[in-house]
Structure formats: structure tokens, C-alpha cells
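Engineer: Following this message is one structure expressed as C-alpha cells.
The values are calculated or read from the model by the stated rules, or taken from the named source; none is laboratory data. Please read all numbers here as calculations on a predicted model, not as lab measurements. A quick note on method: Cβ atoms are made from the backbone with ideal geometry, for glycine too, and the neighbour counts reach across all protein chains shown.
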Amino acid sequence: MANVDIFEGEKWIIKGKHKKGPEKDATIKLSIKKVAKDGAETEVHSKADLKLDNSKEFSYPYQTEKVGEKEPSFKLVADVDYGKGKQRLGNTCTVWPKQCAVIAKDANDKPYGGFEFTAKQGDKLPVPAPTDKDGKSTVNLNKTDKTVKFTGSAPFEIIEQKASPDKLREITLKVRRNFEPVFVKPTVKQDKKPIEQFVNLTTGANGQDEMGHEVLIEVGEKPDANGKKGKKGDIIYIQLKFGRQSERNSPKPQIAAGEDATDIAEADAGKTYTAKVTLKADDGTAKFKVDLGRAGGDTCEVRLSSTRDSFTAAPLKLQNWRRIYYQLSLPAGASAPDLTRITKALKDVNIVYEKYKSLTLAEGAGPAGTAVSWYPGEWLADKFSGKKLLNLGDYNKAHFHTKFSDDKNPVGAHVACCHTQYDANGAGCLKNFLNLEVSANNKVKWSDGTRVIGLDVWVGGGLFPKFLKDGSSGFVSGSWNEVGGAQTGALTAADVWLHNGKKLGMLTIKVPAAAATLLTATAGKRAKLTFDVKRADGAYLGESDGTSKWLQLIVIEQPSNVVNDVLAHELGHTLNQVIKTVPPGMSAAKHGRKYTGNNHQGPHCADGMGDANYAGGAGKAGSSYQGNFAGKSECTCIMYGENGEGSKCTGKFCARCKPFLKGEALDTLH
Amino acid sequence: MSNGRLRLIDDEFWGEYDRTRGELIGEIARDDLLGLVLDAPRRVSLGRRDSVPVVGFFARTLRDDRKIRQEERMLVAAVHQDTDELSIGLALDTGKVPAPSGPPPGMDDPGQGTTVNMFAFNLRPVLGLNWEPSRYSVAVLLREFVSNGVTIELGRDATEYEDPAVAAFLAEQRESAVPPPPPAVFPIPHARAESGQPPHYQPLSDMPVPEAPGILMRAPRVVIAKAGSQCILQGSYRLAVARRHRVESRGAGAPRPLVGDPRAQAVVPIHLVITGSDLPGPWVISLKVPVYQPLSPHPAEASGHFTIDLLQIPDFPRTPMTYFLTAFSGQVVSEALPIAVVSEQMIGV
């Protein structure tokens, strides 16, 4: 008994020969039956008028039916009736399905077009066409009952294979494209260290140049063996993990909506985000935007994957920094201060303070007119004799500030160094001395070493031979008047000796000859001296200008730590410390050592002071702290109210101030 | 003409505030004046100006001149005339880091004589004034020195058109508006206040009330800061009573406000501003004084007394030094009352 295997729809040629039976042209009947698995037979076709040929043979081509969806194949048998009853033919036929359908789907059960694969059914089957846009393809089968095995052609992989008992030749394959997502822009640093993202700066580069708090991240695929860099529709999964150091909450660190990101989900109280993007074209890329927030020190790790929830590749790391700039303007002949200490202090709070320009303030240069900017060093102290010193103050700083190249607006500061800082615009610069009594008993040492009748008078401030504001004489005018009499006379500059650098702020008045004669002529005779002087207010060690707070004056004729600490202190004020404004989401109460006044000027930090002495900022009642935080050696923060020479300042922002400095946006110093 | 002795017109405060300087210096020299003189424009146009200039003179002895850094010590206090709120700050705060300074060591006593300088500052940033129509009574203080008070009105430009009907209408509306409830009395009278136990607000027969609006105060000159000590501050006052101070129903059927003292006909605020001989402070104690006498219809003036134990008030400073108390209420500024606080250690106890 022989069996023939054919594909569905093909013809089974049924042949028979009757050796002893009817002769040529005899009519025979043919019945074709389909044999079920249980052996039951069902006639599927019959032919009643079949005739034998000359050789007593017959041949009948039977067009087979399609194999049913639920059956793997079917078998056909044929009975023939030569007129004397049925007789089973020895030949049988097995009908096999010709093709099976393949439907490729992605992980989300959506049709996956372009899936490339091979199939084996015992032997290799012809390579099927890739799935069409509906995810469909067909596979030509072998005539065998062997299982068809599908294999994704690299980089495709079959994750799951399903067939329904009701549709044995419709195979659903869940497939994926095994690719390696990569960051296109910005890229992971080779040393795997975080990108220092300067979130306070803005450019047009969508944050891809390490500047800006919003970063447009472009991702794609690593080229496969064929050089292909992804296929339209490929899904790249994204995970963000934020390392929040700051309580600042605006703008919120997150994956921003828009661009190509979909399925954005937040977890872990905003510390984790997931999303996905889909490539829009073959060899294409996709983009999503991340808002890093604005707080210094906060970190963000971005991971990519071709599969959901499996983020094992090296992340793109970012850390928030702020960069501010300064132009250093330095008096001619002066050495640039070593600013290592302030640089470190600022680095501790994720601020880079970068010098972008140096400028020498030429000796003698200053505003037009008679104002004194450069003055002889001996006016200040003998040790500066022979040098010219630069004073910067309210009367001339605007002129020197015009030398500021504000190229980094609004995050550039002008650090204007000077030898001294006196102000000369104040109403109090003109000081009147009234009715100073003098008698013959008042003997003072004159400039030439002789002793004369006169007075030593403490004036204070910047009392120089010339008033800094306008170059006029520091001594303005004066007069003497006899007490109990009518004699009077003028005091002139010749009667006044300004001690200058020997005893700055002090003058000696020698009564004129006429007055001296009067006072010595009569025992107990007295005269009253009245005179006016102009002197500058100060001295100060540094300031952050009240109007242009990005202008910082700093006196460099002081120890390096003082220069640094004063500069950092003033910059701290410019950066809104101590908590002049509270960054969004933060609580000023958490600082816990802010105070205002208490024998200092402005808001400051008393870190190091105990709770009892601090007493809510008022100072412990009945103690030396009540209303007085001056001279407290336990307070060591830069933002403590004192950091001049002899202070205990550590040159660092304390742990209480740091969070608030980190929470500052620093998008402008203006 | 200005508020004070500088005899300036309002516009001169913006740029020419020293026009009368010579005259003032002459007066100070002639009269041997010591202390603070203050002046300011009566009216500041909110539209035309952006600052509130306050100028003055500070005359002190040569001895004081060596000790006092004005920018670290001079306080300015302003009372909002419609809310009674007190604002206070350092008048000449530069915000700069001062270099160590002072006279050279070993200088002799400077002897007799006076030194004077002008000072000027912008009140707006110093006190953080809201730029809105308002009236303030302002004075400066430095140690025992208290300036004259000046009143400054922030408002529309005088040259702006003002519809008299609108002005009258607004005034009527304000007059008929329901005022906020009066503040609660502070400190609350002692249960035995009627027998003289402080705090109380009983009349003091030996302390007349001022004949004109004002506040008088007296206290022990020196007190020891120790447990059980007292520092009895007594005062008398004559002050204007506004509708917001009255303890009366705020509308038909509304209950009489509760202020902690059923006898109170009104409650008037008196701010005690305290500065020290060694430290500026300021420390502020805001009294809310009950008025017991029947009040005439609005507008009214009331007089009365207060007696409080400063050492029972936590905000009163106790660090040994001399303190100077100045009372502010409405447009009234008192003289400074000195009270020295000494410690037990200082007397060897």
C-alpha cells in the first residue's frame, strides 16, 4: 500500500487497474473518503461514471480541499466499485497544509512590521518575507508533521510563540528587536563621571552643552552588525533617578511632557521617573526633555533599555552646578589675591566662581575732575610711603565700574580690588567742631616736634589732606573766639596738622599767634575753636554695592583669609544670604541660626551658637548674648556678622547655610 | 515748609537738603545743643518720587564722638498712623564690612566741645515701606538721644487733579467703615490691680497727665537683674483715640469686643523702644493700654496711666548696661527714660 503526500489544493491522481474485471469502457464508481483521526471515514467525493481504458485502468485527478484550521493534515483513501462491490484501493494520500501565517507583535501586543525570521520544519524552510506593516507574513511548509520552529534573524528575537488549537496555522510571535540604545546627545562621559550641568545658565543648545536646567536628551541605537541604527517603531525605555539634595521644588525635577516621551510615570515620591520613546524613522533618533531643577548638588541618572524594566546599561549622569563669573579689576602694581579659599567654599555649594577677565586699573586713572582716587600711600600709613594707593568708594566706584565688561550678564560680577575703601558722598563727611575750649595749659606736640598751645582732635574716618570726593582741602575753615571777650580770628590750614599715616583720623590745631598771645597774657584765659573738616566715611573692608549688587569692592591690603572671607561674605549677601529670600519649597525656619541686627548689620548666621544663647535670634536674656552676637568665637560660618582680621571664620559656608545656597537659582546677580 | 528745624521746602529734600546747614550749625553752636534734629518732607508723591529722604543733625560731645559709630547705633522708628504698627531699623546701615577703627590708644580726654554732622538716608528701604498711601510719624534714636518727631505722608502728587466730590465720598466711606477690633490689653491687669499690684492702669495721684498730647514716664534709675527684683515703669499719657481703639460694638447687634479688661473704653498702643548704652538693640515692648475714662464722641482724646514691672516682661533686656526707653504712640514721641541694669556680680553679691 502506497501513500502519496501532497499539499492542499493539489490534485491526487487516483489510479486503478482491474485485472479480471470488466472490460474496456466498463463503468466504475469511485468514492474518496477522508479518514479522521479515530479512523472514521467520511466520503468527500464520488465519481459514478468513471470508465476503464484499454488497459483496464483508470486514472482520476482529485482536487484536494484545504486542510482545516484545526487539523494538522488529513488522509484520503479511495474505494472503487467495478460492479461487484466496493474495493479499497491500495494507494492513499496525505494532504498537508501548504503555508502558515505568522503574525508578529511587539511587547505591547501591537503589530510589528519588518520582523525578519527563518523557519525550520525538520529541514530549513524557504526564508519567509519579513512581516508587513500589519505584522503579517507567511511561511511555506514542508509535507511533514514535524513542528515548525521559528527563529528571529538577528537582531530580532522571538520572546514567545503562540498558536491557537482553533487556528493551527496562524502563529503569533511576540518579538523584539535586540538593540542597544545609546545616548546621542549629550553622551555618557568616558570616565563615567557626572556631567556638571550648569543649571543657572541658558543657551540655545537645549541643555546639551552642559548649560541649562532643561536638557533635551536625544537617544538612538548602536549600529548593529549591518550598520543599521535602529528601525522605525523601536521603543526605547527610559528611567530617571533623581538624587535630591535640596528641598527646592520648583521647577520640579522630572521628565518634562512633550517631545517624544510617552507613558511618563512618577514613582518613589518623585525620585524616579519612567517613560519611553519610539523611533520615528529607520536609523532615526528620539528625544525627551528632562528638567533637572535648579538646586545645586542635585543629581540625575538616566538609563535606557530596549526592554521594559531592565535598566542595566551605564547611565548618563548629571549633577547640578551653578557657574557665576567675575572680572577681577586690580590696582596697578598690586598682586592678584589668591582666591583659593573662596573658590573652595563656593565649590562646596556647587558653585563655580570663574574669572573671565582681568583688568589692571592704571595708576592715576579715575573719574574726570578733582576727585581723588589714587592718593599717596603716606596718607594712610608710613609703610606705604612712596606708593600710590587706590581708594574705591561711593564717589568714584561708578567710574571704575564702567571698566567692567559685562560679557557674562546677568551672572557676571565685578570684583573691584582696591587698597582702601572710604565713602565720600555721605552727608556726614562734613564734620563741624564747635566751641572746643583751649587755654595756655593745652600744650600739644606740633609737626616739627615743638610744643605749642593747641588741641589734638580725633576726627576719625578718612581724614586726608584732600577730601577724596572733590580734592578740596580736608581742613575747610575755622575760627577762634575769646571766651569772655571780643577777640577773634581765623584758623587756616597753616594752623592745622593732619597726622595722616602716623595717626590716621587725627589732627592737631595750633592756635594762631594772636590767640597764643591772648591766652598766655592772662592766667586762666580761654578761647573757643570752631572749625570744619571733610573726611570720608569708613574704612570698610568690602561691600556688595547696594544698587549694582554685582559690583563687589574688596580691600586687598589685608590677610588673604580676610580678603577671601569678606569677598565670600559679600557675595553671600548678593546671593540672598542669609535667607533674604527663601527658595521655593524650602523653609527659612530650618536654618535655625539666622539673626538680624544684634550688633551686626543685616541678616547673618550664628551657626555654632547653642540653642540657649541663640534664643530664637534674640540672644539669651540677661546674658552677654541678649541683643549682641558680636565677638562670638563659636560662630565660624562665612555668613556670621564678622569675618575681619582675627575672626574665627573657617572660610566655609556652614551646614545650615549650605542648603539655602544650593537652593538658590543664581540665574542672575543683577 | 518742612516738618522740622531745617526750614526746607519738600522738593529740597531731594538734593538740596543742606541748604540751611550753616544756619542750623550756628544755632547748635549758639545754644550748645546736643542730640538729634530730624526733618523730612511733609508729603512724598508716590508717582513722582521713589524715595523718602530723611535728614538731620547729630550733635554730641567730643567724648561721645570717640565712642559712637552712628551707622551702627542710630535707630529710626516709624509709626504707621492708620494701623499703629511700629517699624524700626538701623537708620544708617551700610551693609558693609567695617574695618577695625577708633582713636589711637592713649589719647587724652578730648575736653570740652561739640561735634556735629548731618546725616541723610532713604527711609523706604531702611524700613521696607510699602509704596502706598500712608502716613508715618518718624523719629531717630541713638543711645539717650531722641530726635523730634516728623510726620510724612505718602500719597498722590499735590499737583494731580483731585475731584473734591470723590475725596469727600471716600472720606465718608472711610468714616462709616467698620474699624478692626481694638487690640487686647497688654499686659493684662493684675487680679489685684485695684490695690496697686502691677501691671495696672489705675490713676497715679503723684503723676499728672500731660496737658498736650504726650507720654511721660518714670522708673528706678538703677535696678538689679535678679529673681524677685522689680523695675516698675510708670507713665501718664494724653493721646488721640481713633475709632479703631474704641471698645464698642462694631455694628448693630454685634457684641462689645473683648479686650481682656472690662473697664476699658478704648485700648491705645504705646510702643516702648529700648536701646542700650553699649548695644543698639532695639528691644521693643508694645503696650496696649486700656483707657478707663468715658470718651467723648469721635474724634476724642484720652488720658490715663500705666504701671508695669519691666522685669516681668520677657522682652525687656537684662544684660548689664544702661537702657533708654522711648515711647511712641500716634504722633507722640516721648523723651528717653534711662534705666541702668546691674547684675548681682557687679555689686559683689
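Engineer: Any idea how many residues of region B:171-227 are in a loop (DSSP other than H, G, I, E, B), away from chain A (no Cβ under 14 Å) and out of contact with any helix residue (DSSP H, G or I) (no Cβ under 6 Å at 6 or more places or on another chain)?
Structural biologist: Here is the first cut: in region B:171-227, the residues in a loop (DSSP other than H, G, I, E, B) are B:177-185, B:187-192, B:196-199, B:201-213, B:219-221, B:225-227.
If we keep only those that are away from chain A (no Cβ under 14 Å) as well, we get B:177-185, B:187-192, B:196-199, B:201-213, B:219-221.
So of that shortlist, the ones also out of contact with any helix residue (DSSP H, G or I) (no Cβ under 6 Å at 6 or more places or on another chain) come out as B:177-178, B:181, B:183-185, B:187-192, B:196-199, B:201-213, B:219-221.
Selection size over region B:171-227: 32.
Engineer: Taking region B:3-23 as the region of interest, how many residues are under 13 Å from B:N148 (Cβ atoms) and out of contact with any helix residue (DSSP H, G or I) (no Cβ under 7 Å at 6 or more places or on another chain)?
Structural biologist: Within region B:3-23, the subset under 13 Å from B:N148 (Cβ atoms) is B:3-6.
Now restrict to residues that are out of contact with any helix residue (DSSP H, G or I) (no Cβ under 7 Å at 6 or more places or on another chain): B:3-4.
Going through region B:3-23 one residue at a time, the tally reaches 2.
Engineer: Just to check your reading of the model, which residue among B:G15, B:G4, B:G47 is of a type in the set (G, A, S) and not assigned by TED's automatic domain parsing to the domain that holds B:S147? So that I can check it myself, show each step before the final result.
Structural biologist: Details: B:G15 fails: not assigned by TED's automatic domain parsing to the domain that holds B:S147; B:G47 fails: not assigned by TED's automatic domain parsing to the domain that holds B:S147.
Answer to the check: B:G4.
Engineer: Return yes when A:L455 is farther than 30 Å from B:L38 by Cα, part of a strand (DSSP E or B) and facing chain B (nearest Cβ under 10 Å) and no when it is not.
Structural biologist: Values: farther than 30 Å from B:L38 by Cα: yes; part of a strand (DSSP E or B): yes; facing chain B (nearest Cβ under 10 Å): yes.
Taking the combined requirement at face value, the residue satisfies it.
Engineer: Across region B:20-55, what is the total count of residues that are facing chain A (nearest Cβ under 9 Å) and not aliphatic (A, V, I, L, M)?
Structural biologist: 2
Engineer: For region A:574-628, name all the residues that are of a type outside the set (G, A, S), over 30 Å from A:A413 (Cα atoms) and assigned to a loop (DSSP other than H, G, I, E, B). Spell out the reasoning first.
Structural biologist: If we filter region A:574-628 for residues that are of a type outside the set (G, A, S), which is where we start, we get A:574-584, A:586, A:590-591, A:593-596, A:598-601, A:603-605, A:607, A:609, A:611, A:613-614, A:620, A:625-626, A:628.
From what is left, the residues that are over 30 Å from A:A413 (Cα atoms) are A:609, A:611, A:613-614, A:620, A:625-626, A:628.
Within region A:574-628, A:M609, A:K620, A:Y625, A:Q626, A:N628 qualify.
Engineer: With the condition kept exactly as written, say whether any residue in region A:103-111 is in a strand (DSSP E or B), charged (D, E, K, R), over 17 Å from A:L168 (Cα atoms) and in contact (Cβ under 8 Å) with a residue 60 or more places away in the chain. Steps first, answer last, please.
Structural biologist: Applying the first criterion (in a strand (DSSP E or B)) to region A:103-111 yields A:103-105, A:111.
Among the residues that remain, those that are also charged (D, E, K, R) are: A:105.
Next, from what is left, pick out any that are over 17 Å from A:L168 (Cα atoms): A:105.
From what's left, in contact (Cβ under 8 Å) with a residue 60 or more places away in the chain: A:105.
Scanning region A:103-111 turns up at least one residue that is in a strand (DSSP E or B), charged (D, E, K, R), over 17 Å from A:L168 (Cα atoms) and in contact (Cβ under 8 Å) with a residue 60 or more places away in the chain.
Engineer: Here's another thing I want to ask about it. Restricting the search to region A:607-631, which residues are closer than 22 Å to A:F653 by Cα and among the charged types (D, E, K, R)?
Structural biologist: Correct list: A:D607, A:D611.
Engineer: Looking only at region A:533-550, which residues are touching a residue at least 24 places away in the same chain (Cβ under 8 Å) and either at the interface with chain B (Cβ under 8 Å from one of its Cβ atoms) or under 19 Å from B:R69 (Cα atoms) (or both)?
Structural biologist: The first filter runs over region A:533-550 and keeps only residues touching a residue at least 24 places away in the same chain (Cβ under 8 Å), leaving A:533-545, A:548-550.
Of everything in region A:533-550, those that are touching a residue at least 24 places away in the same chain (Cβ under 8 Å) and either at the interface with chain B (Cβ under 8 Å from one of its Cβ atoms) or under 19 Å from B:R69 (Cα atoms) (or both) turn out to be A:V533, A:K534, A:R535, A:A536, A:D537, A:G538, A:A539, A:Y540, A:L541, A:G542, A:E543, A:S544.
Engineer: Mind telling me which of the residues B:L287, B:L272, B:L279 ends up being aliphatic (A, V, I, L, M) and within 14 Å of chain A (Cβ to nearest Cβ)? Steps first, please.
Structural biologist: Numbers: B:L287 fails: within 14 Å of chain A (Cβ to nearest Cβ); B:L272 fails: within 14 Å of chain A (Cβ to nearest Cβ).
Checking each option against the conditions leaves just B:L279.
Engineer: Any chance you could count how many residues in region A:554-597 are among the charged types (D, E, K, R), within 14 Å of chain B (Cβ to nearest Cβ) and in contact with a Phe, Trp or Tyr (Cβ under 9 Å, 6 or more places away or on another chain)?
Structural biologist: Of region A:554-597, the ones among the charged types (D, E, K, R) are A:557, A:565, A:570, A:580, A:590, A:593-594.
The next check asks that each one be within 14 Å of chain B (Cβ to nearest Cβ); those that pass are A:557, A:565, A:570, A:580.
Subsequent filtering for residues that are in contact with a Phe, Trp or Tyr (Cβ under 9 Å, 6 or more places away or on another chain) retains A:557.
Selection size over region A:554-597: 1.
Engineer: Also, I was wondering about something else. Within region A:262-285, how many residues turn out to be farther than 23 Å from A:G113 by Cβ and hydrophobic (A, V, I, L, M, F, W, C)? Quick ask: steps written out before the conclusion?
Structural biologist: Of region A:262-285, the ones farther than 23 Å from A:G113 by Cβ are A:264-275.
Cutting the leftovers down to hydrophobic (A, V, I, L, M, F, W, C) gives us A:264-265, A:267, A:269, A:275.
Number of matching residues: 5.
Engineer: Kindly provide the set of residues from region A:36-60 that are in contact with a Phe, Trp or Tyr (Cβ under 7 Å, 6 or more places away or on another chain) and within 30 Å of A:E170 (Cβ to Cβ), ordered by number.
Structural biologist: Listed by number, the list holds a single entry, A:H45.
Engineer: Would you confirm whether any residue within region A:307-326 is farther than 30 Å from A:I236 by Cα, of a type in the set (A, V, I, L, M), out of contact with any helix residue (DSSP H, G or I) (no Cβ under 6 Å at 6 or more places or on another chain) and in contact (Cβ under 8 Å) with a residue 60 or more places away in the chain?
Structural biologist: We begin by selecting, within region A:307-326, every residue farther than 30 Å from A:I236 by Cα; these are A:322-326.
With of a type in the set (A, V, I, L, M) added as a condition, the list becomes A:324.
Narrowing the set further to residues that are out of contact with any helix residue (DSSP H, G or I) (no Cβ under 6 Å at 6 or more places or on another chain) leaves A:324.
With the extra rule that they be in contact (Cβ under 8 Å) with a residue 60 or more places away in the chain, the set shrinks to A:324.
So far as region A:307-326 goes, yes, one or more of its residues are farther than 30 Å from A:I236 by Cα, of a type in the set (A, V, I, L, M), out of contact with any helix residue (DSSP H, G or I) (no Cβ under 6 Å at 6 or more places or on another chain) and in contact (Cβ under 8 Å) with a residue 60 or more places away in the chain.
Engineer: Can you name every residue in region A:165-187 that is surrounded by fewer than 17 Cβ atoms within 10 Å (Cβ to Cβ) and farther than 21 Å from A:P128 by Cα?
Structural biologist: Hits for region A:165-187 are A:P165, A:D166, A:E180, A:V184, A:T187.
Engineer: Taking the criterion of being surrounded by 18 or more Cβ atoms within 10 Å (Cβ to Cβ), among the basic types (K, R), touching a residue at least 60 places away in the same chain (Cβ under 8 Å) and not in a helix (DSSP H, G or I), would at least one residue in region A:408-426 satisfy it?
Structural biologist: Residues of region A:408-426 that are surrounded by 18 or more Cβ atoms within 10 Å (Cβ to Cβ), as a first pass: A:408, A:411-424, A:426.
Next, from what is left, pick out any that are among the basic types (K, R): A:408.
Now narrow it down to the ones that are touching a residue at least 60 places away in the same chain (Cβ under 8 Å): A:408.
Applying the additional criterion that residues be not in a helix (DSSP H, G or I) yields A:408.
Taking every residue of region A:408-426 in turn, at least one turns out to be surrounded by 18 or more Cβ atoms within 10 Å (Cβ to Cβ), among the basic types (K, R), touching a residue at least 60 places away in the same chain (Cβ under 8 Å) and not in a helix (DSSP H, G or I).
Engineer: Can you tell me how many residues in region B:17-32 are of a type outside the set (K, R) and touching a residue at least 60 places away in the same chain (Cβ under 8 Å)? Walk me through how you get there before you give the answer.
Structural biologist: Taking region B:17-32 as the starting set, the residues that turn out to be of a type outside the set (K, R) are B:17-18, B:20, B:22-29, B:31-32.
When the remaining residues are screened for being touching a residue at least 60 places away in the same chain (Cβ under 8 Å), the result is B:17-18, B:25, B:28-29, B:32.
The total comes to 6.
Engineer: Are any of the residues in region A:119-126 in a loop (DSSP other than H, G, I, E, B), modelled with pLDDT under 95, of a type in the set (K, R) and not assigned by TED's automatic domain parsing to the domain that holds A:F7?
Structural biologist: Scanning region A:119-126 turns up no residue that is in a loop (DSSP other than H, G, I, E, B), modelled with pLDDT under 95, of a type in the set (K, R) and not assigned by TED's automatic domain parsing to the domain that holds A:F7.
Engineer: Here is a follow-up. Quick one: which residue in A:P97, A:P130, A:P61, A:P126 is without any contact (Cβ under 8 Å) to a residue 24 or more places away in the chain and touching a strand residue (DSSP E or B) at 6+ places or on another chain (Cβ under 6 Å)?
Structural biologist: On the way: A:P97 fails: without any contact (Cβ under 8 Å) to a residue 24 or more places away in the chain; A:P130 fails: touching a strand residue (DSSP E or B) at 6+ places or on another chain (Cβ under 6 Å); A:P61 fails: without any contact (Cβ under 8 Å) to a residue 24 or more places away in the chain.
Going through A:P97, A:P130, A:P61, A:P126 in turn, just one is without any contact (Cβ under 8 Å) to a residue 24 or more places away in the chain and touching a strand residue (DSSP E or B) at 6+ places or on another chain (Cβ under 6 Å): A:P126.
Engineer: Looking at region B:310-338 only, could you name the residues that are away from chain A (no Cβ under 14 Å) and either over 24 Å from B:P213 (Cα atoms) or in a loop (DSSP other than H, G, I, E, B) (or both)?
Structural biologist: Within region B:310-338, B:G330, B:Q331, B:S334, B:E335, B:A336 qualify.
Engineer: Oh, and also: Taking the condition of being surrounded by 13 or more Cβ atoms within 10 Å (Cβ to Cβ) and more than 7 Å from chain A (Cβ to nearest Cβ), how many residues in region B:95-130 meet it? Full working, then the answer.
Structural biologist: Restricting attention to region B:95-130, the residues satisfying the condition of being surrounded by 13 or more Cβ atoms within 10 Å (Cβ to Cβ) are B:95-99, B:101, B:103-104, B:107, B:110-127, B:129.
Subsequent filtering for residues that are more than 7 Å from chain A (Cβ to nearest Cβ) retains B:121-127, B:129.
Result for region B:95-130: 8.
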